[in-house]
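In what follows, a single structure is set out as structure tokens and then discussed.
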Amino acid sequence: MKNKIVAGNWKMNNDKEQTKSLLNKLNSYKIPDDVRVIVAPSYTHLDQSIQMLKGTQISVAAQNMNAASSGAFTGEVSAAMLKSIGVNSVIIGHSERRSLYHESDEILNNKVKSAIESDMEIIFCFGEELDDRKSGRQFEIINKQLSSTLFNMSELDWKKIVLAYEPVWAIGTGETASPSQAQEMHAYIRKIISNRYNDNLANNVSILYGGSVKPSNVKEIFKGSDVNGGLIGGASLNADDFMAIVNAF
Ligand code: PGA
């Protein structure tokens, strides 16, 4: 699964018409054969996006899901519901879900298990806060976040996992990790995966970088030998910017 991936997290943006217009623009671009492109619109526009992207190189992910398969969970959406409309990927663990909606490692671990049971691909996000980085605890934090959410998965389960390292201090702030900070952390992530599992698994998992990636800084970030692509927020809302990133490898 290790390949070049660029995923756009649209967050709570774009109504029906805006979704249509953005997808039409994205569809007008030629995408390099070796890059996987994913977009994550809001729940309300997933079905429309699936229809509009049929037969293209762009696939669709949900931004979230509930760990339960069904039941009395007002306002929630299950993996089975997503699968039933053709959504086969889901973002889990985004820092906004962790901080604004109090999603703990335990909740995230349950979501990961549920997504795997439903045979969904997971784009799993994690990252340290500014204070952690300032006090030099970033590696310890990342180790803890991954150990408590993903390291109880089987080797086979990892075939469905894409990692997205997103330092919280770089998300939506205009501040990015430097290319060397990103590369350093990605190499560390491979090392701890190799220690827990093996080199083969560690070398084959795709690790995306996220946090204020834009056309002007993406080339340097993607040069990192352990950086397999990006999870893009703000810049994914503009087709030209997003496609500049897709073409930046
Ligand atoms: P950003 O968001 O690119 O706007 O910083 C990234 C993300 O939240 O995934």
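The values are calculated or read from the model by the stated rules, or taken from the named source; none is laboratory data. Quick caveat: nothing in here was measured; it's all calculated off a predicted structure. FYI the Cβ positions are ideal-geometry reconstructions off the backbone, even for glycines, and counts take in every protein chain you see.
Listed values, structure above:
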read-out	value
Within region 162-177, considering residues that are part of a helix (DSSP H, G or I) and more than 7 Å from the ligand (Cβ to nearest atom), the one nearest to ILE123 (Cα to Cα)	VAL168
Some residue of region 85-93 being closer than 19 Å to LEU146 by Cα, within 13 Å of the chain's Cα centre (by Cα), touching a residue at least 24 places away in the same chain (Cβ under 8 Å) and part of a helix (DSSP H, G or I)	no
Options ASN217, ASN204, ASN247, ASN195; residue that is touching a Ser or Thr at 6+ places or on another chain (Cβ under 7 Å), at negative phi and more than 10 Å from the ligand (Cβ to nearest atom)	ASN217
Whichever residue in region 65-93 is within 16 Å of the ligand (Cβ to nearest atom) and either closer than 19 Å to THR44 by Cα or modelled with pLDDT under 95 (or both) and, among such residues, is surrounded by the most Cβ atoms within 10 Å (Cβ to Cβ)	ILE92
Considering residues of region 113-137 that are closer than 19 Å to ASN204 by Cα and away from the ligand (no atom under 16 Å from the Cβ) only, the residue nearest to the chain's Cα centre (by Cα)	GLU121
Residues satisfying the stated conditions in region 166-179, i.e. in contact (Cβ under 8 Å) with a residue 12 or more places away in the chain and more than 16 Å from the chain's Cα centre (by Cα)	TRP169, THR173, GLY174, GLU175, THR176, ALA177, PRO179
Conditions (1) surrounded by fewer than 14 Cβ atoms within 10 Å (Cβ to Cβ); (2) under 18 Å from the mean Cα position of the chain (by Cα); (3) not in a loop (DSSP other than H, G, I, E, B): number failed by GLU140	(2)
Subset of region 113-137 (residues that are small (Gly, Ala, Ser), part of a loop (DSSP other than H, G, I, E, B) and closer than 19 Å to SER78 by Cα)	SER118
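Okay, residues lined up against (1) part of a helix (DSSP H, G or I); (2) without any contact (Cβ under 8 Å) to a residue 60 or more places away in the chain; (3) more than 15 Å from the chain's Cα centre (by Cα):
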| position | (1), (2), (3) |
| --- | --- |
| THR19 | yes, yes, yes |
| ASN24 | yes, yes, yes |
| LEU46 | yes, yes, yes |
| THR56 | no, yes, yes |
| VAL60 | no, yes, no |
| ASN64 | no, yes, no |
| SER70 | no, yes, yes |
| ASN110 | yes, yes, yes |
